[in-house]
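Inspection log for the structure reproduced underneath, given as structure tokens.
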Amino acid sequence: MGLKHSLRVLLALLVAAPAATSLAGEMSLRVQAQAATEDAAIDAALMRAVEQVYGLSISSRSERSVSEQRASGYDNARDYSAGEVAVRQDSVTRSAARGLVKSFRVLDSERLGSAHRVELQVKLPTYQTPGLPSDKRRRMVVADFAARQAHYRLPAGELPGALAAERLREAITRAITQSRRLAVLDRAHDRALEDEFARLRSGQVPVAEKARLGQALGADYLLVGSIIELDGAREPRVIRASGERYESTRIAARVHYEVIALATRQVKWADEVVVALDIRDAPEQGVFGLVGNRLARTMLNNIYPLRVVSAAGGQLVLNQGADSIAQGERFEVFNLGETLVDPYTKEPLGKIEQRVGLVEVVRVAPKMAYAELLEGDAAAVQQHAILRPYQAPAGDAPDTTRRESQVETSADGGVRLPFDRR
């Protein structure tokens, strides 16, 4: 009996009780294969099923032997599962161990001259990852930021540059994740993840649990950057009129960042975020939370601006919450008009934005926020209208000019990045 046959038996035996989680399932598919013998044809068919479902390419050169005992020959239209075969596994490669065959049925087996053809019905466990489907959001990795100084002065004391860069990356990751606009992939805990994957590959867990393997996602975009300036201190202040003394927190930061398309290495977006504050109280989210939120919001506002999901009763419901938005913030509301196209590159420039009002956030929930109109008519606000941060000085007349949007909405409700081609 060949090595492929031994692998086929091992794949059939790597089956335990059904997964306890509701995220586990089962897939049944028909496969055909042809080889010199019936055993070899069944081996090839089982490996083809594994490759189709899990994307694994199992090469005979990577197989190692297993000893097994079974009755020779297969009956058509009969199920073969792990309980019918006694196998003692000597060793097996990692790729083979990830082949998950719960059971198979020989539907047809016939001799064709010098070859043998079989058709099998194969059942394999599957696993559905929790949360939104992975193909609904663009995927991003936040890389380690570079520190241009060995140490930075902060209100709480001096901090090594490497630690400052790590805390900034964590703050940016947190802000982007809470926005729910992009799927953020982890690259900071590879060792812990590999330990968990090793347990799944071992014989200590039910075989159906191994369906979690082979589902790691690749990134569409890589966010990289560097800390150009970061300085902060607490300084005493005196209110002249009353003589009251207090401590002010001064923060100055400048961070450069780039969004890179992983497949082409093309820089799709580049910008700098500047934070300069002199406030009486220290920011609740800390210096890095403040800078990280500002960077994430600046980037996301150019890609996925705030949207109105409901405008009933004069109150607007917005599609972001948590730390990505704060009570008291003001935004201009714009309805979207026709799509504009660059006459030279033929790339979409976005949609015309028509200002219809000004709102203030009055309540923030974990996944949404509520805002009230300060200017404009709620009846004029379209569903999915976008919001831009209000930056005009107090007392200025409302801005009623038309301008070009950097965002385009696709027919299925998704959002195209401003730099993406059709």
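The values are calculated or read from the model by the stated rules, or taken from the named source; none is laboratory data. Note that the structure is predicted; figures quoted are calculated from it, not measured. Because the Cβ atoms are built from the backbone with ideal geometry, glycine has one as well, and the counts that use them run over all protein chains shown.
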Return only the number of the condition from (1) under 30 Å from residue 234 (Cβ atoms); (2) modelled with pLDDT of 85 or more that residue 279 does not satisfy. (2)
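Of a type in the set (A, V, I, L, M) and surrounded by fewer than 16 Cβ atoms within 10 Å (Cβ to Cβ): does that describe residue 287? If you could, list the steps in order and put the result at the bottom.
On the way: of a type in the set (A, V, I, L, M): yes; surrounded by fewer than 16 Cβ atoms within 10 Å (Cβ to Cβ): no.
Considered against the rule, which asks whether it is of a type in the set (A, V, I, L, M) and surrounded by fewer than 16 Cβ atoms within 10 Å (Cβ to Cβ), residue 287 comes out as no.
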Residue 167 vs. criteria assigned by TED's automatic domain parsing to the domain that holds residue 273, basic (Lys, Arg), more than 30 Å from residue 247 (Cα to Cα) and surrounded by 13 or more Cβ atoms within 10 Å (Cβ to Cβ): no
Please find, among 348, 343, the residue that is surrounded by 17 or more Cβ atoms within 10 Å (Cβ to Cβ) and more than 21 Å from residue 297 (Cβ to Cβ). 348
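Would you be able to say whether some residue in segment 221-235 is of a type in the set (Lys, Arg) and over 21 Å from the mean Cα position of the chain (by Cα)? Give the steps one after another, and end with the answer.
So in segment 221-235, the residues of a type in the set (Lys, Arg) come out as 234.
Those still in the list that are over 21 Å from the mean Cα position of the chain (by Cα) too: 234.
So far as segment 221-235 goes, yes, one or more of its residues are of a type in the set (Lys, Arg) and over 21 Å from the mean Cα position of the chain (by Cα).
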Take the residues in segment 172-211 that are touching a helix residue (DSSP H, G or I) at 6+ places or on another chain (Cβ under 8 Å) and surrounded by fewer than 19 Cβ atoms within 10 Å (Cβ to Cβ), then tell me which one is farthest from residue 257 (Cα to Cα). 205
Filter result for residue 323 (assigned by TED's automatic domain parsing to the domain that holds residue 367, over 30 Å from residue 379 (Cβ atoms) and within 29 Å of the chain's Cα centre (by Cα)): yes
Every residue in segment 322-344 that is of a type in the set (A, V, I, L, M, F, W, C) and in contact (Cβ under 8 Å) with a residue 12 or more places away in the chain, please. 322, 325, 326, 331, 333, 334, 336, 340
